[in-house]
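Worksheet: the structure to be examined is printed underneath.
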Amino acid sequence: SSSSSSSYGHHNHHQGPGSLTVQVPPDTNTIGVTSELYERWVLEFKSNKTTNVTLEDVAKRDMVLGLAVDQYGSRFIQQRLEDAPTSQKELAFAQIAPEALRLCTDVFGNYVIQKMFEFGTAEHRKELAKRIGGHVVELALQMYGCRVIQKAIDVLTLDEKVALVEELHGHVMKCVRDQNGNHVIQKCIEKVPPSSIQFIIEAFRNQNVKLAMHPYGCRVIQRLLEHCSSTQRNSMLKEILEQTQSLAKNQYGNYVIQHVLIHGSARHRAAVIKSFQGILLPLSKHKFASNVIEKCVTHATRQERQTLIEEILGTDSRSALNPPLMGMVRDQFANYVVQRLIDVMDPEQRQYLIQRIGRHLPNLRKIPYGKHIVARIEKIAGYM
């Protein structure tokens, strides 16, 4: 179950080319003609329909394993495991268990193991956990195995999952940087208590900034910030907050800084906002950092927002003629920051802004993005 990094921001909507070919799913209640089991099934059950066949029927004929690794058969077993009586699950499990490890990495078999974890008995789960024990790392790095490990971490008892997770000790970096393994690490962080994932925090020590700039690492760091203890969080943020500017400009790091602004404590949020003082302008015009500055504007305290406004309006006499804000409005990214600012200001701040830039409103209408800004001001202020 791949979870993608949350995409905040206005220019991160790059979707791949949409494919228009619609896959017609095979009929869910039949064994398809293309299946290697088709003839055997029709021979045994006089039709290729699966509707009236039970787990017991296929277990008695020793067909469970063959079905588990077949596109149609796997679906049949999955459906049956959801509502079969325990006695029938036992029969199927007896055939599945010895081959559990092989099924974990099979394109269709992995779904059967996941269903067994979900709908089997506590004993079944325990037995499966034993079978995958000793193989957690290799499964975590495998495209189907990683799904089974995630499901196991979802449903096992605390002791059982902690035992599995311990196998990841010493392999954290390898997993985090892997397209399959990173999902397993994220799942551990979400489902195992902070005390049991201290080894992940240790592995990240002095690497947090580097990992925040990694396409998978940035997701794992966000999960840690959400779920770990405040002591663990503070040790990570100590590193991250030293590099807010370079992270804000990074295509992955910017998500981590946004995350701190949205979910962080007031203290950490204040530290991020303070670190951008004096360079709001260049950051607002930066493709990635502009998303971060938008979040600063949104999540700032009133006092912090006032400081941001002052910087954007400029304080010297030259600014009166051409405030930095005018350059921001012209910019393809910074104009979003200005729009966001107008949206979140309180009435008093808005009055102040209008008073400071009132004389520029006619010019604003003429420049790119400017008419959006003027429209926003007018709509909110009922002005002019």
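The values are calculated or read from the model by the stated rules, or taken from the named source; none is laboratory data. Bear in mind that the values here come from a model prediction, so they are computed numbers and not experimental data. Note: ideal-geometry Cβ built from the backbone for every residue, glycine included; neighbour counts use all protein chains shown. Areas reflect the complete protein model, heavy atoms only, side chains present, ligands, DNA and RNA absent. Shrake-Rupley method; radii C 1.70, N 1.55, O 1.52, S 1.80 Å.
With R₀ fixed at 41 Å, the C-beta to C-beta distance from GLN207 to VAL42 puts the FRET efficiency at about 0.10.
Which of the trypsin sites (Lys or Arg not before Pro) across region 197-235 are loop residues per DSSP, with 14 or fewer other Cβ within 10 Å? Those satisfying the criteria are ARG205. A 1.4 Å probe run over the chain, with the rest of the protein chains in place, finds 48 Å² accessible per residue. Note on GLN332 and THR51: with the Förster distance fixed at 56 Å, the Cβ-Cβ geometry gives a FRET efficiency of about 0.45. With a Förster radius of 45 Å applied to the C-beta separation of GLN179 and ILE367, the computed FRET efficiency comes to 0.55. If the segment from ALA122 to ASN322 were pulled out straight at 0.36 nm per residue, it would be longer than the present Cα-Cα gap by 64.9 nm. Scalar couplings 3J(HN,Hα) for region 374-380, obtained by applying the Karplus form with A = 6.51, B = -1.76, C = 1.60 to θ = phi - 60°, are 4, 4, 5, 4, 5, 4, 7 Hz; x denotes Gly and Pro.
Under the shape rule built on the C-alpha gyration tensor, where the axes satisfy a ≥ b ≥ c, region 96-197 is oblate, since a/c reaches at least 1.5 while a/b does not exceed b/c. When the chain is treated as a GNM with alpha-carbon contacts under 10 Å, the residue of GLN332, GLN303, GLN95 showing the greatest mean-square fluctuation is GLN303. Reported to the nearest whole Å, the Cα centre-to-centre distance from region 180-219 to region 301-366 is 39.
Helix content alone sets the calculated 222 nm mean residue ellipticity of the chain: runs of n ≥ 4 DSSP H residues at -39500 (n - 2.57) each, divided across all residues, give -18000 deg cm²/dmol.
Taking region 59-176 as the region of interest, the number of lysine pairs whose Cα atoms are within less than 24 Å, with members eight or more places apart or on different chains, is 19.
Residue-wise HN-Hα couplings along region 94-101, as the Karplus relation 6.51 cos²θ - 1.76 cosθ + 1.60 with θ = phi - 60° gives them from phi, are 4, 7, 6, 3, x, 9, 3, 4 Hz; Gly and Pro carry x.
Using only the Cα atoms of region 234-304, build the gyration tensor, take square roots of its eigenvalues as a ≥ b ≥ c, and label the shape rounded, prolate or oblate: rounded if a/c is under 1.5, else prolate if a/b is larger than b/c, else oblate. Here region 234-304 falls in the oblate category. Taking amide H positions as modeled 1.01 Å from N, with prolines and chain starts lacking one, the residues under 5 Å from THR30 and 5 or more places away or on another chain are THR50.
Taking 0.36 nm per residue of separation and subtracting the current Cα-Cα distance, fully stretching the chain between SER229 and GLU378 would add 49.1 nm. Among VAL256, VAL136, VAL220, the largest mean-square fluctuation in a Gaussian network model of the chain (Cα springs under 10 Å) belongs to VAL136. Between VAL344 and LYS130, the simple label model (points 7 Å from Cα in the Cβ direction) yields a spacing of 5.5 nm. Per-residue 3J(HN,Hα) values for region 183-199, derived from phi via the Karplus relation 6.51 cos²θ - 1.76 cosθ + 1.60 with θ = phi - 60°, read 5, 5, 4, 4, 5, 4, 4, 6, 10, 10, x, x, 4, 8, 10, 4, 4 Hz in sequence order (x marks Gly and Pro). Only one item in (1) 56, 40, 19; (2) 39, 31, 19; (3) 55, 26, 15 matches semi-axes √(5λ) of the Cα gyration tensor in Å derived from the coordinates shown, and that item is (3).
Name the shape class, rounded, prolate or oblate, that the alpha-carbon gyration tensor gives for region 213-261, where a ≥ b ≥ c are the square roots of its eigenvalues, rounded holds for a/c under 1.5, and otherwise prolate holds if a/b is larger than b/c and oblate otherwise. Oblate shape, in that a/c is at least 1.5 and b/c is the bigger or equal ratio.
Taking LEU168, LEU43, LEU141 as the candidate residues, the one with maximal mean-square fluctuation in a Gaussian network model of the chain, Cα springs under 10 Å, is LEU43.
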